[in-house]
């Protein structure tokens with residue numbers, strides 16, 4: 001029999017707040033974190049819309065010699081992970097005495113790469129790039145930095161699965177624990193917010209250009225959606241075997257009961273219906289639950305015309321007559337990409353633990369596909385004990401997680 | 001440039017970059033121990049000197065630069 005895998009800690013740093021409490025309040029109030037940034041227009045962006053968040057100031061918390069190797073997104077990941085470990089009541093002594101692993105979702109470090117290349121072209125002397133650049137520029141910048149900072153001694157790996165990276169990191173961490181290879185794994189996802197990381201994404205006309213109304217730009221499932229808004233930050237969850245949690249007297253928040261995944265085997269950017277459907281079905285099958293037990297679905301829906309429509313079709317096909325509330329928290333955060341799979345677990349957990357479902361902002365008019373779903377445009381005060389979270393990415397990678405409340 | 005002014009300029013830059021008290025930068029002190037850096041951190045010191053004075057300390061020359069006095073002398077001898 002597979003071992004049970006539970007969540008014992010969470011941490012978040014996003015445009016909705018710098019910690020769990022602030023983010024929970026923003027979710028409850030249906031607050032948007034989207035702004036218009038004129039500096040993006042000066043760089044030639046088609047859309048100046050972005051999520052807004054400050055880079056945490058870690059001077060005085062981490063030494064210069066620790067910070068110099070950290071790319072922008074590592075700062076968010078550090079903040080989220082420090083909060084998650086504290087939330088899980090895991091301290092330094094525990095970490096050095098146990099083989100705690102780290103699986104973090106990340107799929108770019110473009111800001112650091114751009115800075116290095118600019119210096120190289122300008123100075124024509126690689127020494128001038130500095131000692132931190134190589135460690136900031138690699139895709140594994142978060143897992144390498146956090147493992148050294150927190151003295152983690154288990155698996156140490158970055159998961160790159162486009163916009164499903166954070167979700168896959170949690171799913172894969174669960175598999176390692178189920179298999180008995182790890183007792184506790186720090187899982188998460190992070191996303192850089194600098195313009196260099198998403199200029200090429202803007203270039204393929206994927207972003208909303210509703211610049212006059214930033215808070216209305218991200219409108220998943222709405223008939224008049226015109227593209228996504230890029231976001232970022234980091235989210236971390238501490239997952240461990242149920243036995244490990246009980247042994248150390250941890251508060252068990254929830255259990256990850258299902259992980260489904262699939263690949264579309266189709267187009268590089270255009271999602272289909274079959275791939276997400278199979279991911280959903282696999283997660284439900286693996287969880288061994290009646291689909292009517294699912295009280296809330298946190299959709300991947302990014303506010304793109306085709307993506308939202310195909311996800312709506314997949315959800316409608318799989319859920320049939322059962323109509324749980326379905327929302328996309330991206331209506332508040334924009335698309336947090338590599339981070340989204342992890343952050344949306346944290347957002348959903350906060351809602352489940354506090355008995356509400358945050359609104360799907362800007363859902364004013366359904367289209368043919370979204371009209372078949374139960375999408376609340378305002379907050380719903382409702383207790384639910386099981387949710388499903390979807391994350392899909394470029395290349396047709398899909399991930400679905402099912403989480404059950406533990407009271 | 002006078003050596004005392006050069007020393008002040010180097011110390012000020014090192015203290016800011018490596019986040020240490022400027023009073024710890026005394027001529028006889030060991031560079032790596034004082035700045036709390038390893039060989040990677042030395043790369044940043046070399047880059048700092050290059051950006052300040054246009055002098056590139058070659059990797060093999062670092063074996064002779066152990067103290068701040070060694071560093072000041074190197075810069076004085078190579079500054080144009």
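Read-outs throughout are calculated quantities, based only on the coordinates presented, and are distinct from any laboratory measurement. None of these values were measured; they are calculated from a predicted model. Here Cβ is always computed from backbone atoms with ideal geometry, including for glycine, and neighbour counts include all displayed protein chains.
Once the Cβ-Cβ distance of residue B:12 and residue A:266 is raised to the sixth power relative to R0 = 41 Å, the FRET efficiency obtained is 0.10. Extending 7 Å from Cα along the Cβ direction at residue A:290 and again at residue A:151 yields two label points whose distance is 5.0 nm.
For the range A:56-87, backbone nitrogen atoms closer than 12 Å to the point 7 Å from residue B:40 Cα along Cα-to-C-beta are found at A:64-71. Of all beta bridges that DSSP places with both ends in the protein assembly as shown, some 70 percent have antiparallel geometry. Mean separation of Cα pairs under 8 Å and 6 or more residues apart, divided by the residue count, gives chain A a relative contact order of 24 percent. Once each part is reduced to its C-alpha centroid, what is the distance from the range A:228-296 to the range B:33-49 in angstrom? Each part's Cα centre sits 45 Å from the other's. The length gained by stretching the chain between residue A:117 and residue A:86 to full extension, at 0.36 nm per residue less their Cα-Cα distance, is 7.4 nm.
Mean residue ellipticity at 222 nm, helices only, the protein assembly as shown: -11500 deg cm²/dmol; runs of at least 4 DSSP H residues each add -39,500 (n - 2.57), and the sum is divided by the number of residues.
In terms of surrounding Cβ atoms within a 10 Å radius of their Cβ, A:348, A:147 rank from fewest to most as A:147, A:348.
Taking 10 °C and 1.306 mPa s as conditions, the range B:3-78 diffuses translationally at an estimated 130 µm²/s according to Stokes-Einstein applied to its Kirkwood radius (Cα pairs).
Can you pull a Stokes-Einstein diffusion coefficient for the range A:84-135 at 25 °C (0.890 mPa s), Rh from Kirkwood over Cα pairs, as a whole number of µm²/s? The estimated diffusion coefficient comes to 172 µm²/s.
Cα-based radius of gyration for the range A:296-407, normalised by 2.2 N^0.38 Å, reads 0.98. Listed from fewest to most Cβ neighbours within 10 Å, the set A:115, A:123, A:330, A:407 follows the order A:407, A:123, A:115, A:330. Per residue of A:116-128, other chain Cβ atoms within 10 Å of the residue Cβ number 2 on average.
Contact order for the range B:3-78, expressed relative to its length and based on alpha carbon pairs under 8 Å spaced 6+ residues apart, stands at 35 percent.
Taking other C-beta atoms within 10 angstrom as a stand-in for reagent exposure, A:181, A:49 fall in the order A:181, A:49, fewest first. Packing, as the average of other Cβ atoms within 10 Å across residues, places the peptides A:57-66, A:82-91 in the order A:82-91, A:57-66, highest first. For the protein assembly as shown, the share of alpha carbon pairs falling in successive 10 Å distance bins from zero is 4, 20, 28, 22, 14, 8, 4, 1, 0 percent.
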